[in-house]
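The next block holds one structure in the form of structure tokens; read it before the comments.
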Amino acid sequence: MLTRLFTALLLLAVPVLGVYTFVTAADHGWWMQPEVSTFGQDVDFLFYLILGMVTFFFVLTEMLLFWFVWRYSKKDSSKAVYTHGSHKLEMLWTAVPAGLLVLIAFFQMSTWAEMRFKGSFPEGEPFAHVWASQFDWRFQYPGADGEFGTMDDLESPYEFVVPVNQPVKFVLHSRDVIHSFSVPAFRLKQDAMPGLAIPVWFQAEEIGEYDLVCMELCGWGHYKMAGKVRVVSEEDYRAYMAGLQSEFMNTGMEG
Amino acid sequence: MSSTATTIQPGEGAPGTVHVHHDHHELNFVQKYVFSVDHKVIGIQFMLVGLVMFVVGGLLAMAIRWQLAWPGTEMPVLGQLLYPETGKAISPEFYTSLFTMHGTVMIFFVIIPLLTGAFGNYLIPLMIGAPDMAFPKLNMLGFWFMIPGLILACMSFTAEGGAASSGWTAYPPLSTLAQSNPGSRGGQTFWLMGLTFSGVSSMMGAVNYVTTIAKMRAPGMTLMRMPLTIWALLIAAILQLFALPVLTAASFMQLSDRVLHTGFFTPTNLVINQVNSEAAGAAAGGQPLLWQHLFWFYSHPAVYIMVLPAMGLASDIIAVHARKPIFGYKPMVYSMSAIAGLGFIVWGHHMFASGMNPAMGMTFMVATIMIALPSAVKVFNWLGTLWGARIQLTTPMLNAVGFVSMFIIGGLSGIWMAATPVDIYIHDTYIVVAHFHYVVFGGSVFAIFAGIYHWFPKMFGRLMNETLGKIHFVGTFVFTNCVFYMMHQLGLAGLMRRTADPYAYEVFHHLKPLNQFISISAFCLFAWQIFFVVNFFHSMFWGKRVGRNPWRATTLEWTAPSPPGHGNFDYQIEVKRGPYEYASAEVDEDFHMQAERVDG
Amino acid sequence: MDLTTCRRSSAALLAGAALLLTSGCDFEPHAADREYALSENNLGELADAPDVQATILGALEMLYGTPQEPKFMVTSDWRSDGYNPNWPTYPKGEDGGGDFTDEQLDALYADNTARHAEALALVEAGDYDAVADTYLPQALVQNWKRLMEDKAAGQFDTDGKFDEAAFKDEARRTLVEFYPTLRQSADFYRRECLHCHGNSGGGDGPTARFLSPLPRDYRKGVFKFTALADKATPRREDLFRIVAEGVYTTAMPSFRRFGDAELNGVTDYVRLLAMRGEVETRLTYAFLDAESITPDDVSESYLDVWAKWTDPNKEVITFDGEIPAPTPELIARGRELFMDPAKGNCFSCHGEQGLGNGASAWETDSDGVKHRIKDDWGHDIIPRNLVRGVFRFGRKPIDIYRRIYAGINGTPMPGLGKSTDANGDPLLPGDDMWALVHYVRSLGEKEDGFGLDAFSVVEAMDGGVDPLQHGAPHEGANDEHHGGAQAH
């Protein structure tokens, strides 16, 4: 009898505590970081869409499991229901999830295309070439002549400064092993693959500093391969570039 | 050895014959228990080795959890041994070795050997009514190929630079260029050799299982009368047959990249630690993406290899202890086949962020999302089985129900990972860790426990202790959820996997208490397994003796003596009906054995 | 099942849960205590004199404390001057080493203000308990905890009433005027630096053996990358820049994820380790010279080394004027200087094409075995492949100017800035330095690893070609083929 109670309680605890954890998670900061990019909203919408559907089926199946185990483990000397299945039910629980899953798959496509397909990339030259190496990020800007790969290219460690509300395209490289350029707040993640130059784009919608995290194991120092993406206003961006430029040309006179 | 082989003559192995030979030669100890060709002994050997490695993998996990909860503090025992100069704290490169070896040991030397090796070997001949495997010597060889694999993988720790440390995925160039990573100096070579041995071992097993199931079923055992365990093992074996050669080839290519300096996976002109890869002799022009494709072409199906047999075991155990036929036997078989089929075309979902053509991401996404469907069908069918049942809450049943409960979580969280845009956020975060541990620990391991509790009487002729078993189940279930459920939360907050110090980022500081909670739960989970260990060995010698069919189950193995003698069945049998005739009105009892004695 | 089963299992479960809760709350393991050790070299010199080893270690502990409690000993003179090197504001007064100017300190506080804006806002709002949940440096968390304890103990009560204004002032000050103590910086060092640089700063942590180049051994007092004209010990700014920006393409990453205060703090601690190492060596050789160590030896070395490190009058390499434009003529002139054995003589190590493969990059030892030349630490050293355009300590013109001017400490790379030719005239007068700088920079043009391919990919995106097809890496950087073409 106690085994029965215990088991049923355990099985009941799974959906109850499971849902409770997710509901209260945000209070502890155990929830998604705030999104600040154009496709952040879409990604979050899709996340919540799937979360809703998943929660429904999670609660449904776990509650059924709890109820059946509780209800049908009662001492009963009669035989169980003798059935080998039901064609109708099988059809139902194949067709309904199938429809939902197709729907979900369908919903993803436009966002995915917006994030990655070449048609949605902004026109023109990239803002920067981003270099990943063990265990540093370097950002290379075109300098005064507006061209990459020339002597006056500007370079900054750690911090990637981009203007707000503008599509920013950059080209991602790796000098050694696989790294991953990931800015959780932008819902952006792209591996830096040695031997490939991978174009990436995003558009940040809020001024601020956002963590740039390496998300692909790149060796012993993977955990400390940090960076920052600083989103600034158009003027601040210009000022920053001018500052980089003057720093580039500095001759050590002012310290 | 030769005497046992004679029980199965090639021509006689045709379906429908069960040979009962009594020409035993006296076997010495080594023949009987070490280099045995008897599928039951080999199965138990696999089980014991798998359980020992389970402890090893678990200890590695404990070290990982220590580091994640209290990075940079004095590590008990290990710290004193390895790092006296750092204040006895784990160094970051050792941490990378830890999680690499944890994954490798758990996947290749625990879950796969336990499910396909132990249960596959033990149950296939018994459940289809065969006296042994089709190729007993190959079977023995399969086990003895795993041992060098296991030793080589463990020797990885002794290499200069420590054990392999590029993750169990071993992405090049981190894994191929010795200068890129401490564990890639010598450890990675051992790792690759170990992997290859274990792969070959699995392939030998798979050939054997497919042949045995195809050719050696007892009279009357049609395909649609096979228990779901057999179906699951058959499908898993087919997956292994098709996928493992790819991994074996790929690991040979990586080995040759490392040893012969070929350039399958190494791009041109990488300078790492002052060493130019080409100047160091590595040929160039390769691409890491190639490895990723080859690796995941095996390793995604490997996930199904790890969970399909678990589904089979759980289905059988649920039917027995629910005293009710499986709900929707055919849909169960079809959905397992669908999982296997789709399983081959979804590997790209591990590579959404890799720089692969985004159009490919789209197709892989659709396939991956659709693979949730057969899994859902299976869950509904298990629930259908429980409906209107007469459930007996024995230890195997508790674990099987635990399996269903955990598999639901693991399966549902997979949908996020399948959806490309959402995956971009959660790829390589702790959500992924939570997801696959729910499938592989919550799923497979609970099914393994259920299977051991369920078939232990058959293996040793004694029941396992129910009290200890229940204590073991309750604690394991609670702590499993404490550990892995909270990892969803870590992942949602964006915490990445495989970091030696998650608090290197200010934004993750507030996750420290959560990580400490998870770690303490993990230590409890590990310690709790003592109940299982005690129960297992105590029951082996002093457990309650049982007869042929303690669970009053229908399938063929319960027709044989416990433990079955040489050749398994002591009389001729013929299969008369399906495997799940419980609560049938045809007989007074609530179960109707699948096979009947035909030799009078 | 029977009742006992369930009772037992529930009891066991409850016991487990209780254990989990109680142990989970207060359990906070620490790193084991460590001890400074003598360097291998000094240990070798003193192998026969274990008592002298103990004497030196004792003296060093008196001067610099232990890894858990590092400190600079305050001499009686300093004490009477009110001068305490353990506190970063010491140079604020008139005397002192001149390490921190008021402006620098102000900048530090401004950085703290920006970094802890969230916490400061909470202080203004009076929500003191929530401050601990904001992102604060680990050392500041401790300081804040102490402050809150003081508050709880009634330290801010006047006449039995909580004086909120006084507390707010103190809280603001704690957050803004945050600067870690040496002890807190040593803890930071243990977490972030020790596994490479070692407990005593010998560059011998457990990770070090997998790295090339090896982590710096501070104890020699030689640091490769400074902005100084002669081989003086580095200024705080030089060390700070390395910590903040990292040494590119080596295992030393940028530590910018920490604030200025913490990085300055750890710079202090690195300086302590370096000074400690130098004093250690001086004492060792004092013993080898005189067969004994006197208290005077100790105090003399201590003060000497301190003065050397804090000397405010180190010559910083600067260039008074505009950097000349890199015209083709100037670059051609640079090429000439590069190849002229009497002038730059760069090719001898860096190779005619700048690939780092010049004849002098190797030497032949007495056994006739060819091996790489060594640096002061006895490690193989590889001349820079200039064609890659990747420089460890900055690719700005002034950075390369400084490298050519002063060379690289501890390596065979000489400084040409003050060299003279046979006639006593400057070796590289006028724009010649810049000609060389621009030539070196031009070698890396379009060549630092992405060359044309990145552009073909970007173009491919517009032109509708699959990026995967164009991912083949550049052939260009393959050492033997290129560079020559760049050599104008």
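The values are calculated or read from the model by the stated rules, or taken from the named source; none is laboratory data. Please read these numbers as outputs of a predicted model, since none were measured by experiment. Don't worry about glycine lacking a Cβ; one is built from the backbone with ideal geometry, like all the others, and counts go over all protein chains shown. Each accessible area value is taken on the protein alone, full model and side chains, heavy atoms only, with ligands, DNA and RNA left out. Shrake-Rupley method; radii C 1.70, N 1.55, O 1.52, S 1.80 Å.
State the number of residues belonging to the range B:91-147 that are closer than 26 Å to B:F569 by Cα and in a helix (DSSP H, G or I).
Going through the range B:91-147 one residue at a time, the tally reaches 24.
Of (1) at pLDDT below 80; (2) assigned to a helix (DSSP H, G or I), C:F100 satisfies all except one. Which?
(2)
Within the range C:308-423, considering only helices (runs of 4 or more DSSP H) that don't extend past its boundaries, which have at least 1 residues that are in contact with a Gly (Cβ under 7 Å, 6 or more places away or on another chain) and open to solvent by 30 Å² or more (accessible area, probe 1.4 Å)?
Counting at least 1 such residues, we get C:347-350, C:397-406.
Sort through A:A95, A:A192, A:A128, A:A113 and tell me the only one that's within 12 Å of chain B (Cβ to nearest Cβ) and either buried (at least 21 other Cβ atoms within 10 Å of the Cβ) or within 30 Å of C:P326 (Cα to Cα) (or both).
Matching residue, one of A:A95, A:A192, A:A128, A:A113: A:A192.
Return the residues of the range A:46-90 that are open to solvent by 50 Å² or more (accessible area, probe 1.4 Å) and small (G, A, S); say none if nothing qualifies.
Once the filter is applied, which keeps residues that are open to solvent by 50 Å² or more (accessible area, probe 1.4 Å) and small (G, A, S), the range A:46-90 yields A:S77, A:S78.
Given (1) modelled with pLDDT of 90 or more; (2) open to solvent by 30 Å² or more (accessible area, probe 1.4 Å); (3) of a type in the set (V, I, T); (4) within 32 Å of the chain's Cα centre (by Cα), where does C:V298 come up short, assuming only one miss?
Checking C:V298 against (1) modelled with pLDDT of 90 or more; (2) open to solvent by 30 Å² or more (accessible area, probe 1.4 Å); (3) of a type in the set (V, I, T); (4) within 32 Å of the chain's Cα centre (by Cα), the one that fails is (2).
Take A:L212 and tell me if it is more than 8 Å from chain B (Cβ to nearest Cβ) and under 30 Å from B:I408 (Cβ atoms).
Spelling it out, it is not the case that A:L212 is more than 8 Å from chain B (Cβ to nearest Cβ) and under 30 Å from B:I408 (Cβ atoms).
Within the range B:493-552, count every residue that is open to solvent by less than 40 Å² (accessible area, probe 1.4 Å) and in a helix (DSSP H, G or I).
The number of residues fulfilling the criteria is 22.
If you go through the range C:148-183 one residue at a time, how many are of a type outside the set (D, E, K, R) and closer than 23 Å to C:V266 by Cβ?
Going through the range C:148-183 one residue at a time, the tally reaches 8.
Does at least one position in the range B:501-519 carry a residue that is out of contact with any Leu (no Cβ under 8 Å at 6 or more places or on another chain), over 21 Å from A:H222 (Cα atoms) and more than 7 Å from every other protein chain (Cβ to nearest Cβ)?
Yes - at least one qualifying residue is present in the range B:501-519.
Each row is one residue, and each column tells you yes or no for (1) on the phi < 0 side of the Ramachandran plot; (2) more than 9 Å from every other protein chain (Cβ to nearest Cβ); (3) at pLDDT 95 or above; (4) open to solvent by 10 Å² or more (accessible area, probe 1.4 Å).
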{"residue": "B:L260", "(1), (2), (3), (4)": "yes, yes, no, yes"}
{"residue": "B:A283", "(1), (2), (3), (4)": "yes, yes, no, yes"}
{"residue": "B:P301", "(1), (2), (3), (4)": "yes, yes, no, no"}
{"residue": "B:I305", "(1), (2), (3), (4)": "yes, yes, no, no"}
{"residue": "B:L308", "(1), (2), (3), (4)": "yes, yes, yes, no"}
{"residue": "B:L313", "(1), (2), (3), (4)": "yes, yes, yes, no"}
{"residue": "B:I317", "(1), (2), (3), (4)": "yes, yes, yes, no"}
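Restricting to the range B:419-435, name every residue that is more than 8 Å from chain A (Cβ to nearest Cβ) and farther than 16 Å from A:S182 by Cα.
Those that are more than 8 Å from chain A (Cβ to nearest Cβ) and farther than 16 Å from A:S182 by Cα: B:V433, B:A434, B:H435.
Among the residues of the range B:341-364, is any hydroxyl-bearing (S, T, Y) and touching a residue at least 60 places away in the same chain (Cβ under 8 Å)?
The answer is yes, given that some residue of the range B:341-364 is hydroxyl-bearing (S, T, Y) and touching a residue at least 60 places away in the same chain (Cβ under 8 Å).
Can you name the residue in the range C:177-206 that is buried (at least 23 other Cβ atoms within 10 Å of the Cβ) and within 8 Å of chain B (Cβ to nearest Cβ) and, of all such residues, is farthest from C:T113 (Cα to Cα)?
C:P206
For the range A:26-45, which residues satisfy the criterion of being over 11 Å from the mean Cα position of the chain (by Cα), hydrophobic (A, V, I, L, M, F, W, C) and crowded, with 18+ Cβ neighbours inside 10 Å?
A:W30, A:V36 - these are the residues of the range A:26-45 that are over 11 Å from the mean Cα position of the chain (by Cα), hydrophobic (A, V, I, L, M, F, W, C) and crowded, with 18+ Cβ neighbours inside 10 Å.
Does the range C:135-143 include one or more residues that are modelled with pLDDT of 85 or more, surrounded by 23 or more Cβ atoms within 10 Å (Cβ to Cβ) and more than 13 Å from chain B (Cβ to nearest Cβ)?
no
Given the condition part of a helix (DSSP H, G or I), aromatic (F, W, Y), touching a residue at least 12 places away in the same chain (Cβ under 8 Å) and within 28 Å of B:G343 (Cβ to Cβ), answer yes or no: does some residue in the range B:456-475 qualify?
Within the range B:456-475, none of the residues are part of a helix (DSSP H, G or I), aromatic (F, W, Y), touching a residue at least 12 places away in the same chain (Cβ under 8 Å) and within 28 Å of B:G343 (Cβ to Cβ).
May I ask you to list the residues in the range A:22-74 that are of a type in the set (S, T, Y), in contact (Cβ under 8 Å) with a residue 24 or more places away in the chain and within 9 Å of another protein chain (Cβ to nearest Cβ)?
Listed by number, the residues that qualify are A:T55, A:S73.
Of the conditions (1) part of a helix (DSSP H, G or I); (2) open to solvent by less than 20 Å² (accessible area, probe 1.4 Å), B:V37 satisfies every one except a single condition; which number is it?
Every condition holds for B:V37 apart from (1).
For residues that are buried (at least 24 other Cβ atoms within 10 Å of the Cβ), more than 18 Å from the chain's Cα centre (by Cα) and in contact (Cβ under 8 Å) with a residue 24 or more places away in the chain, tally how many sit in the range A:195-220.
Counting residues in the range A:195-220 that are buried (at least 24 other Cβ atoms within 10 Å of the Cβ), more than 18 Å from the chain's Cα centre (by Cα) and in contact (Cβ under 8 Å) with a residue 24 or more places away in the chain gives 3.
So in the range A:222-255, with the set limited to residues that are of a type in the set (A, V, I, L, M, F, W, C) and part of a helix (DSSP H, G or I), which one is surrounded by the fewest Cβ atoms within 10 Å (Cβ to Cβ)?
Here the residue is A:A242.
Out of all the residues in the range C:7-22, is one or more modelled with pLDDT of 85 or more and away from chain A (no Cβ under 14 Å)?
The answer is no; no qualifying residue exists.
Assess whether B:L289 counts as being touching a residue at least 40 places away in the same chain (Cβ under 8 Å), buried (at least 22 other Cβ atoms within 10 Å of the Cβ) and within 10 Å of chain A (Cβ to nearest Cβ).
yes
Looking at the range B:553-567, which of its residues are farther than 30 Å from A:K79 by Cβ and either polar (S, T, N, Q) or in a loop (DSSP other than H, G, I, E, B) (or both)?
B:P563, B:H566, B:G567 - these are the residues of the range B:553-567 that are farther than 30 Å from A:K79 by Cβ and either polar (S, T, N, Q) or in a loop (DSSP other than H, G, I, E, B) (or both).
Which of the residues spanning the range C:245-272 are more than 8 Å from chain A (Cβ to nearest Cβ), in a helix (DSSP H, G or I) and either open to solvent by 20 Å² or more (accessible area, probe 1.4 Å) or without any contact (Cβ under 8 Å) to a residue 60 or more places away in the chain (or both)?
C:D260, C:L263, C:T267, C:D268, C:R271
Checking B:Q392 against (1) at the interface with chain A (Cβ under 9 Å from one of its Cβ atoms); (2) among the polar types (S, T, N, Q); (3) crowded, with 24+ Cβ neighbours inside 10 Å, which test does it fail?
Result: B:Q392 passes all but (3).
Yes/no per residue for (1) under 24 Å from the mean Cα position of the chain (by Cα); (2) under 11 Å from B:M464 (Cα atoms):
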residue	(1), (2)
B:P513	no, no
B:I520	no, no
B:V534	yes, yes
B:H538	no, yes
B:N549	no, no
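Of all the residues that make up the range B:181-193, how many are more than 10 Å from chain C (Cβ to nearest Cβ) and crowded, with 24+ Cβ neighbours inside 10 Å?
The number of residues fulfilling the criteria is 4.
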